[in-house]
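What follows draws every value from the coordinates through simple rules; no lab data is involved. The structure presented is a predicted model; accordingly, all values stated were derived computationally and were not measured. No Cβ is skipped: glycine too gets one built from the backbone with ideal geometry, and neighbour counts run over all protein chains shown.
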Amino acid sequence: MAENNIRTIASPEPNTETEKFWEGARQGKLIIQKCNDTGKHYWYPRARSPFTLTDDVSWVEAKGTGTIYTFSVMKRAKINYCIAYVELDEGVRMMTNIVDTDYDQIKIGDKVKVVFKDSENGIPVPMFTPV
Amino acid sequence: MSINGKAYIAGAWEHPTRKAVDKSLAELHADVAKGALDDAGLSSDDVDGYFCAGDAPGLGPINMVDYLGLNPTFVDSTDTGGSSYVVHVEHAAQAIAEGRCRVALITLAARPAAEGMATGTAPRVYNQQQPDVQFEFPFAPVITNMYAMAAMRHMHEFGTTSEQLAWIRVAASTHAQYNEHAVRREVVTVEDVVNSPMITTPLHRLDCCVISDGGGALVVVHPDVAKELKRPLVKIKGVASAVKGQDAGQTDLTYTAAKFSGPRAFEEAGVKPADIKYASIYDSFTVTVLLQLEDLGFCEKGKGGRFVQDGNLISGQGKLPFNTDGGGLCNNHPANRGGMTKVIEAVRQLRGEAHEKVQVPNCDLALAHGTGGSIGTRHCSSTLIMERE
């Protein structure tokens with residue numbers, strides 16, 4: 001049984017450094033960054049590369065698919081939820097929630113795809129659901 | 001510059017309170033300052049170095065220096081969460097070695113229990129200027145589910161079981177029964193732990209530490225000062241700190257920053273993990289202990305479950321007696337920052353002043369390890385090795 005109750009999702013506060021990411025989210029796109037010094041993707045978004053501190057970085061649209069690296073189902077909240085790190089097919093691991101599924105069936109290694117869920121103030125945030 | 005032998009811990013004192021409804025936060029700091037100075041045989045006039053972290057009310061060290069009536073020539077308020085006080089020992093030893101102070105006082109105090117703080121499960125209020133917050137806070141990370149994700153991954157990669165994690169609580173509770181001040185003195189079994197309510201998978205209630213008030217203080221001194229005092233000589237042999245984060249998106253929750261702080265502390269001390277007679281290991285959760293034991297080299301990575309089972313951490317029974325005060329799991333976790341009490345119990349062991357039921361015979365070499373922040377995201381580890389002279 002998928003869990004029907006949806007908890008209230010706290011809203012992110014985008015700033016000039018990150019507004020592109022949240023603009024993408026509003027359009028249903030998961031965009032991540034790439035360091036042009038090293039050619040490597042990184043997470044979370046930031047203006048300078050954590051590999052070299054160059055500001056020569058690009059925004060690229062991720063495929064939006066990945067696998068569950070680890071997770072935990074909170075049983076002590078008013079509405080239970082599943083927190084996770086998902087490894088995107090591009091190779092970076094991001095914190096997220098697994099949603100629209102039976103939490104008791106979730107396993108590490110499960111294939112998932114991104115779904116955007118509206119936070120309190122309407123900004124959609126990237127969550128994942130089993131493929 | 002190596003600090004091996006350049007400073008000694010002369011005073012160590014833990015506040016007996018666990019619920020401080022009748023004390024202000026500043027008063028608790030004063031209580032522990034007086035306690036540790038009395039323990040050393042020193043007075044506040046002797047203090048010329050003062051160290052505190054984010055639990056201390058005021059702007060860095062300034063308000064506490066004024067409140068306590070100190071006149072320090074050196075201050076430091078590095079805040080690395082629960083590992084702060086181990087880092088402070090490192091910084092105090094450095095300052096003493098450089099001649100910047102001779103008697104360094106480190107204080108910790110807080111009253112989360114009196115304030116009714118739901119430390120483990122309530123989302124904290126975050127500053128959205130902190131760059132990771134907007135990419136994490138919407139997903140409701142709390143302390144418990146961050147550590148739970150590390151436990152889940154360890155179980156997946158190495159076959160670690162809930163029963164093995166439970167042995168860590170069993171060992172802590174076996175020790176806590178002798179500590180009259182411990183919050184939880186009842187001895188528990190593996191079954192008790194795995195049958196306690198699930199908090200956030202795979203961590204049960206008894207995998208989690210207590211929430212308690214109180215605090216503690218340490219007095220770190222120049223060798224000349226230590227030798228004039230009437231206390232057993234506890235020498236600082238090695239200490240190192242390290243920060244681990246998400247590595248630009250290559251998050252790996254199977255290890256902690258102890259992997260980096262541990263070897264450097266051992267190298268400075270000139271000893272090996274197998275030489276350690278007693279270890280205070282940060283125990284916010286059972287899994288915290290498991291990861292740090294592996295990272296510090298007490299066993300191979302992935303073998304922590306087997307290492308801790310069957311009472312191997314119980315004093316008088318196992319190979320590595322740990323947290324003989326009951327640790328954060330059973331005794332005390334003041335300010336939700338356990339590094340201070342880790343050092344204090346290690347000092348008790350080196351002095352031969354632990355409870356007789358848990359005192360390690362001929363305990364001349366001990367380790368105290370702190371972790372601050374979250375092993376689920378980013379944290380600081382600090383490792384301290386001390387020797388009884």
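For B:Lys19, the aspartates and glutamates whose Cα falls under 13 Å of its own Cα, not counting residues fewer than eight places away in the same chain, are B:Glu115, B:Asp213. Distance from the C-alpha centroid of region B:357-377 to that of region B:273-337: 7 Å, rounded to the whole angstrom.
Here the residues B:Thr144, A:Thr67, ranked from fewest to most Cβ neighbours within 10 Å of their Cβ, fall in the order A:Thr67, B:Thr144.
Shielding of peptide A:94-104 by partners, expressed as the average count of other chain Cβ atoms within 10 Å per residue Cβ, is 3. Applying both filters, DSSP loop and at most 10 other Cβ atoms within 10 Å, to the trypsin sites (Lys or Arg not before Pro) of region B:337-379 eliminates every site. Of the beta bridges in chain B, as assigned by DSSP with both residues counted there, near 75 percent are antiparallel. Secondary-structure-derived ellipticity at 222 nm for chain B, considering helices only, amounts to -9000 deg cm²/dmol, per-run term -39500 (n - 2.57) for DSSP H runs with n ≥ 4.
Averaged over peptide A:73-83, the number of partner chain Cβ atoms lying within 10 Å of each residue's Cβ comes to 6. When each of the peptides B:253-262, B:173-182 is scored by how many other beta carbons lie within 10 Å of its residues on average, the order from highest to lowest is B:253-262, B:173-182. Candidates B:Gly376, B:Asn323, B:Asn362 compared by Cα position along the dipole of region B:260-389: farthest toward the positive end lies B:Gly376, with charges placed on Cβ.
The percentage of C-alpha pairs in region A:44-131 whose separation is greater than 16 Å is 58%. Counting only other chain Cβ atoms within 10 Å of each residue's Cβ, the peptide B:144-154 averages 5. When +1 charges are put on Lys and Arg Cβ atoms and -1 charges on Asp and Glu Cβ atoms, the dipole computed for chain B relative to its Cα centre reaches about 440 debye. Among the listed pairs B:Lys6/B:Lys244; A:Lys63/A:Lys117; B:Lys230/B:Lys272; B:Lys244/B:Lys301; B:Lys235/B:Lys303; A:Lys117/B:Lys244, those with a Cα-Cα distance over 21 Å are B:Lys6/B:Lys244; B:Lys230/B:Lys272; B:Lys235/B:Lys303; A:Lys117/B:Lys244.
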